[in-house]
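To start, the structure itself, in structure tokens.
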Amino acid sequence: MGRSATPLSRGRLPSSRIPVGMLAALTRLLLDTVAPRRCAACDEVSNPSICSRCVAALNALPIPAVRRMRNGSAFAGFEFVEPVRAALHRGKYGGDREALQELAAITAERLSGPRLFTPDAIVAIPLGPRRRRQRGYNQAAVIAAVIAEARDVPVVDTLARIRDTRPQTARDEATRRDNVAGAFGWTGSPLGGSYLWLVDDVLTTGATAGAAAAVLVQAGASLVDVVAVAAVS
């Protein structure tokens with residue numbers, strides 16, 4: 001009785017597909033050869049998203065004072081100064097998620113003392129659909145995921161931006177508040193007295209965070225503290 005035909009005996013070659021992980025690594029190696037990765041803060045060639053010299057400079061910066069908010073307090077890892085500003089801009093507008101993740105990890109470490117109790121959950125300030133499409137991701141959500149992992153708490157993603165708003169840049173506090181009024185809505189279950197952290201990349205006047213925090217309180221949160229990578233003094 002003859003043996004059944006094998007793929008080779010039928011004239012077919014074995015599969016030569018490259019594993020996805022290997023293909024990604026080869027692509028990254030080729031890109032690093034043609035255009036080496038650069039530090040998001042100083043733009044020097046660096047394999048980490050933020051070079052060791054800039055990490056040291058970041059850790060040497062003072063931690064901003066706590067800011068009182070209507071529904072809690074606001075905490076930030078850094079003042080919005082260099083090299084924080086450059087790294088945040090690269091992460092927010094330049095597609096460098098790793099820079100955001102590194103800044104978030106440093107922020108979580110700098111705010112790990114007794115000033116902040118661990119929350120029940122973390123909520124990111126949501127982006128509108130148009131800006132999310134433009135950037136490809138929500139920078140606040142990237143930061144929130146890292147901070148949540150550091151505190152071992154869940155991220156709740158049912159705070160929605162129900163109305164697109166104009167950019168807040170160059171607006172004073174009053175027009176910022178008007179711009180974000182009614183911009184957020186809660187789509188989840190009642191929060192039942194939960195203590196939440198509301199996470200964003202930069203805290204300026206607090207108008208955006210204040211509007212979002214008010215919605216969380218209306219949904220049943222007992223306290224909402226704002227946590228940002230940087231704060232404008």
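The values are calculated or read from the model by the stated rules, or taken from the named source; none is laboratory data. Because the structure is predicted, anything quoted here is derived from the model rather than measured. Using ideal geometry, Cβ is built from the backbone for each residue, glycine included, and neighbour counts are taken over all protein chains shown.
Worth pointing out:
- Residue that is surrounded by the most Cβ atoms within 10 Å (Cβ to Cβ) [pool: residues in the stretch 39-66 that are hydroxyl-bearing (Ser, Thr, Tyr) and assigned to a loop (DSSP other than H, G, I, E, B)]: Ser49
- For the stretch 177-191, a residue qualifies if it is modelled with pLDDT under 95, more than 17 Å from Thr204 (Cα to Cα) and assigned to a loop (DSSP other than H, G, I, E, B), and the qualifying residues are Gly182, Ala183.
- Only one of the numbered conditions (1) over 19 Å from Glu149 (Cβ atoms); (2) in contact with a strand residue (DSSP E or B) (Cβ under 8 Å, 6 or more places away or on another chain); (3) at pLDDT 95 or above is violated by Lys92, and that is (3).
- Per-region count, the stretch 176-230, residues within 17 Å of Thr158 (Cβ to Cβ), polar (S, T, N, Q) and out of contact with any strand residue (DSSP E or B) (no Cβ under 8 Å at 6 or more places or on another chain): 1
- Applying the set (1) closer than 26 Å to Asp152 by Cα; (2) modelled with pLDDT under 95; (3) in a loop (DSSP other than H, G, I, E, B) to Pro36 leaves exactly one unmet item: (1).
- For the stretch 118-132, taking the residues that are touching a Leu at 6+ places or on another chain (Cβ under 9 Å) and of a type outside the set (Asp, Glu), the one that is surrounded by the most Cβ atoms within 10 Å (Cβ to Cβ) is identified as Val123.
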